[in-house]
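Colleague: Please find one structure pasted underneath; my questions will follow.
Read-outs: derived from the displayed coordinates by stated rules, not from any lab. Computed from a predicted structure; not experimentally measured. Quick reminder, even Gly has a Cβ in these numbers, built from the backbone with ideal geometry, and neighbours come from all protein chains shown.
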Amino acid sequence: MTRSDHSQQVNDWLQAGASSSEDVLDLLCECNEPSCTATVSTTRERYLLARDEAGQLLVAAGHEHASQRVVHAWGEVLVVAPTLAAPLIA
């Protein structure tokens, strides 16, 4: 299990356990840097939007990887997705 996978599982658990009246969720950065201890704060609506597509991650600004594209940017919180590799032409 990667760090991103673990962070996503923890964040899913945190979101599920949060009361519906909580406007802001404090979550773990889902980047794959093993030493990352950053947190991100976002709304439940934005969290669910990030989870709308498989493979998307919530990361702190500056934690995106060159192999990812930014799908949404909300201040210091980014939603990133893997960049699709271009097809090989023989």
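Colleague: Give the range 62-74 a look and list any residue that's outside any strand (DSSP E or B) and over 14 Å from Leu27 (Cβ atoms), or say none.
Modeller: Taking the range 62-74 first, the residues outside any strand (DSSP E or B) are 62-67.
If the condition is that a residue be outside any strand (DSSP E or B) and over 14 Å from Leu27 (Cβ atoms), then Gly62, Glu64, His65, Ala66, Ser67 are the ones that fit.
Colleague: I'd like the residue in the range 1-25 that is in contact with a helix residue (DSSP H, G or I) (Cβ under 8 Å, 6 or more places away or on another chain) and of a type in the set (D, E, K, R) and, out of all such residues, is farthest from Ala60 (Cα to Cα).
Modeller: So the residue we want is Glu22.
Colleague: Sticking with this one: Looking only at residues in the range 1-58 that are in contact with a Phe, Trp or Tyr (Cβ under 7 Å, 6 or more places away or on another chain) and not in a strand (DSSP E or B), which one is nearest to Ala73 (Cα to Cα)?
Modeller: Restricting to residues being in contact with a Phe, Trp or Tyr (Cβ under 7 Å, 6 or more places away or on another chain) and not in a strand (DSSP E or B), the top hit is Arg46.
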